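Here is the structure we will look at, set down as structure tokens.
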Amino acid sequence: MKILVVGGGGREHAIIKKLRLNKSVEEIFAMPGNGGIAADATCVPIGAKDIDAIVDFAVSNKIDYAVVAPDDPLALGCVDALEAKGIPSFGPTAAAAEIEGSKVFAKNLMKKYSIPTAEYETFDDCDKALEYLKGVNAPIVIKADGLALGKGVIIAQSIEEAEEAVRSMMLDGKFGKSGSRVVIEEFLTGPEVSVLAFTDGKTIRPMVSSMDHKRIGDGDTGLNTGGMGTVAPNPYYTEDIAAECMEKIFKPTVAAMNAEGRTFKGCLYFGLMLTPKGPKVIEYNCRFGDPETQVVLPLLKSDLFTVMRAVTEERLSDVSVEFEDGCACCVILASGGYPESYGKGYEIWIPEDIASGTYVAGAEIKDGKLATSGGRVLGVVKTAATLEGAVNGAYEMANRVKFENSYMRHDIGARALAAHNGGK
Ligand code: AMP
Ligand code: GLY
């Protein structure tokens, strides 16, 4: 079988490494992939948003199955276009990807189907949004409607800051078209949990839970990033909470999408906050999370390709989706300066014995050598029987990877470990 994976980050690297374990998989193409992924797949220099070129390549190379991983091509209808040419694909249609592509759509869906989420109002008129802010208290959360690389969310600590955020999104076009509509919502508190789930629109099979670390600095300080590390499972996500989420959030969401004529097939990502009033949805993503995938898939005992095909063929109820009992930790190494400006082109040294646990996000081959090409460069992942073992192991690996001006957080998993030990 020839497989195509659209995307080129650490998440795609994790998907590719897992797909390779299936013996029927003969060749994997990554589009565009990256210099690190090149060790595990054939990289094709076509951008993940170039839907026409992706489909042409898939047809002329007789691709048997495609996995569309990032949000942009999903929102642009990559799965619709591939399937129209008879290429079975993993991922939602553009209509279903709207659950991530528009926060207004997602919020209205939750309201209509009574799925617990923060109270909110939506606005497409800046004056009305500013008027509304006069009647609320800080902190308050302002979200750009569309895709904004995870950066379109502002937690305003004062009403002045909220007004500033609304103006920058709606008048100054800080997030382009994404910010022409905004959601203003209640500020929630509680531990955050990421739950990725396979669904074919009929059955839903949640994966092991995880915890992201979105801020750049230790102690969750500084700017938001694409994710600086993850652990799985998330110790706050108990069996009771999982059962509650299944009944109040996961099943109702799948049913709501069906009722709206937007059946969701693929990986549905639930960004949850465990508030004092119960679990609530902070966000949906229409895809595998990054860097959650790097800790979730190494713990998957079942065969990924088998599960993905079952999703596409709407027979997920027939296959088992099982996870190891152990834990995993991913530590991201970034280029110093990220998420603002940073240098590129630094040579990367990865010791041979840890290459299999290294998931490359931003690197290219330069003069025959692996060199940095992005802000988040790579993630190292360790699985172990205990969370402590996974965290310590991941940091041992992280300390052995070298490139100039590298940066990592030193507290990935610290909060999870404290929760494990009874603290908060
Ligand atoms: P999102 O892109 O919607 O996941 O938001 C990014 C981050 O902002 C989340 O991971 C939360 O940490 C935070 N956040 C979003 N919405 C809220 C909210 N209503 N209350 C508190 N924090 C929030
Ligand atoms: N880790 C959050 C995301 O993938 O959007």
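The values are calculated or read from the model by the stated rules, or taken from the named source; none is laboratory data. All of these numbers come straight from a predicted model, not from anything done at the bench. With ideal geometry, Cβ positions are generated from the backbone for all residues, glycine too; neighbour counts draw on all protein chains shown. In case anyone asks, the SASA skips ligands and DNA or RNA and just uses the protein heavy atoms, side chains included. Shrake-Rupley method; radii C 1.70, N 1.55, O 1.52, S 1.80 Å.
Which residue pairs have Cβ atoms closer than 9 Å, lie 6 or more positions apart in sequence or on different chains, and pair a first residue in the range 382-394 that is under 15 Å from Pro235 (Cβ atoms) with a second residue that is buried (at least 18 other Cβ atoms within 10 Å of the Cβ) and of a type in the set (Phe, Trp, Tyr)?
Cβ pairs passing all conditions: none.
Report whether or not Val281 is in a strand (DSSP E or B) and under 21 Å from Ala398 (Cβ atoms). Walk me through how you get there before you give the answer.
On the way: in a strand (DSSP E or B): yes; under 21 Å from Ala398 (Cβ atoms): no.
Judged against the criteria, Val281 is not a match.
Would you mind stating whether Ile155 is within 14 Å of ligand 1 (Cβ to nearest atom), modelled with pLDDT under 95 and in contact with a Pro (Cβ under 9 Å, 6 or more places away or on another chain)? Outline the logic, then answer.
Numbers: within 14 Å of ligand 1 (Cβ to nearest atom): yes; modelled with pLDDT under 95: yes; in contact with a Pro (Cβ under 9 Å, 6 or more places away or on another chain): yes.
Answer is yes for this residue.
Considering only residues that are buried (at least 22 other Cβ atoms within 10 Å of the Cβ) and assigned to a loop (DSSP other than H, G, I, E, B), which ones fall in the range 5-45?
Gly8, Gly9, Gly33, Asn34, Gly36, Ala41
From Arg400, Arg376, Arg415, which residue is in contact with a strand residue (DSSP E or B) (Cβ under 7 Å, 6 or more places away or on another chain) and charged (D, E, K, R)?
Working: Arg400 fails: in contact with a strand residue (DSSP E or B) (Cβ under 7 Å, 6 or more places away or on another chain); Arg415 fails: in contact with a strand residue (DSSP E or B) (Cβ under 7 Å, 6 or more places away or on another chain).
Unique residue meeting the criteria: Arg376.
Could you tell me whether any residue of the range 276-298 is surrounded by fewer than 19 Cβ atoms within 10 Å (Cβ to Cβ) and among the polar types (S, T, N, Q)? Please lay out each step first, then the result.
First, pick out the residues of the range 276-298 that are surrounded by fewer than 19 Cβ atoms within 10 Å (Cβ to Cβ): 276-278.
Then keep just the ones that are among the polar types (S, T, N, Q); that gives none.
Taking every residue of the range 276-298 in turn, none turns out to be surrounded by fewer than 19 Cβ atoms within 10 Å (Cβ to Cβ) and among the polar types (S, T, N, Q).
Quickly run through the range 165-175 and pick out the residues that are within 19 Å of Thr122 (Cβ to Cβ) and either out of contact with any strand residue (DSSP E or B) (no Cβ under 6 Å at 6 or more places or on another chain) or more than 16 Å from ligand 2 (Cβ to nearest atom) (or both).
So in the range 165-175, the residues within 19 Å of Thr122 (Cβ to Cβ) come out as 165-171, 173-175.
Ala165, Val166, Arg167, Ser168, Met169, Met170, Leu171, Gly173, Lys174, listed by residue number.
Could you check the range 74-129 and list, in sequence order, the residues that are within 15 Å of Leu147 (Cβ to Cβ) and acidic (Asp, Glu)?
Of everything in the range 74-129, those that are within 15 Å of Leu147 (Cβ to Cβ) and acidic (Asp, Glu) turn out to be Glu98, Glu100.
Determine, yes or no, whether Phe288 is within 16 Å of ligand 1 (Cβ to nearest atom) and within 25 Å of Ala385 (Cα to Cα).
Working: within 16 Å of ligand 1 (Cβ to nearest atom): yes; within 25 Å of Ala385 (Cα to Cα): yes.
Here the answer is yes, as Phe288 does meet what is asked.
Among the strands (runs of 3 or more DSSP E) confined wholly to the range 215-258, which include 1 or more residues that are free of Cβ contacts under 8 Å to residues at least 12 places away in the same chain and either more than 22 Å from Val380 (Cβ to Cβ) or among the hydrophobic types (A, V, I, L, M, F, W, C) (or both)? Even if it seems obvious, please write down each step before you answer.
Working: elements: 215-217, 221-224, 229-232.
Counting at least 1 such residues, we get 221-224.
Quick one: in the range 105-115, of everything that is surrounded by fewer than 18 Cβ atoms within 10 Å (Cβ to Cβ) and in contact (Cβ under 8 Å) with a residue 12 or more places away in the chain, which residue is nearest to Cys286 (Cα to Cα)?
Asn108
Of these, Glu260, Glu239, Glu247, Glu185, which one is acidic (Asp, Glu), within 14 Å of ligand 1 (Cβ to nearest atom) and within 27 Å of Lys111 (Cα to Cα)?
Values: Glu260 fails: within 14 Å of ligand 1 (Cβ to nearest atom); Glu239 fails: within 14 Å of ligand 1 (Cβ to nearest atom); Glu247 fails: within 14 Å of ligand 1 (Cβ to nearest atom).
Matching residue, one of Glu260, Glu239, Glu247, Glu185: Glu185.
Being more than 16 Å from ligand 1 (Cβ to nearest atom), out of contact with any strand residue (DSSP E or B) (no Cβ under 9 Å at 6 or more places or on another chain), over 21 Å from Glu247 (Cα atoms) and not in a loop (DSSP other than H, G, I, E, B) is the filter here; which residues of the range 89-127 pass it?
Answer for the range 89-127, where residues must be more than 16 Å from ligand 1 (Cβ to nearest atom), out of contact with any strand residue (DSSP E or B) (no Cβ under 9 Å at 6 or more places or on another chain), over 21 Å from Glu247 (Cα atoms) and not in a loop (DSSP other than H, G, I, E, B): Ala94, Ala95, Asp127.
Looking for whichever is aliphatic (A, V, I, L, M), within 20 Å of Cys267 (Cα to Cα) and open to solvent by less than 20 Å² (accessible area, probe 1.4 Å) here; the options are Ala97, Ala118, Ala81. Which one fits? Before you say what the answer is, go through the steps one by one.
On the way: Ala118 fails: within 20 Å of Cys267 (Cα to Cα); Ala81 fails: open to solvent by less than 20 Å² (accessible area, probe 1.4 Å).
On inspection, the qualifying residue turns out to be Ala97.
Looking at the range 335-358, which of its residues are more than 25 Å from the chain's Cα centre (by Cα), open to solvent by 30 Å² or more (accessible area, probe 1.4 Å) and over 21 Å from Glu396 (Cβ atoms)?
If the condition is that a residue be more than 25 Å from the chain's Cα centre (by Cα), open to solvent by 30 Å² or more (accessible area, probe 1.4 Å) and over 21 Å from Glu396 (Cβ atoms), then Tyr346, Glu347 are the ones that fit.
Name the single residue that is farthest from the chain's Cα centre (by Cα) among those in the range 176-214 being within 12 Å of ligand 2 (Cβ to nearest atom) and open to solvent by 30 Å² or more (accessible area, probe 1.4 Å).
So, considering only residues that are within 12 Å of ligand 2 (Cβ to nearest atom) and open to solvent by 30 Å² or more (accessible area, probe 1.4 Å), the one farthest from the chain's Cα centre (by Cα) is Glu192.
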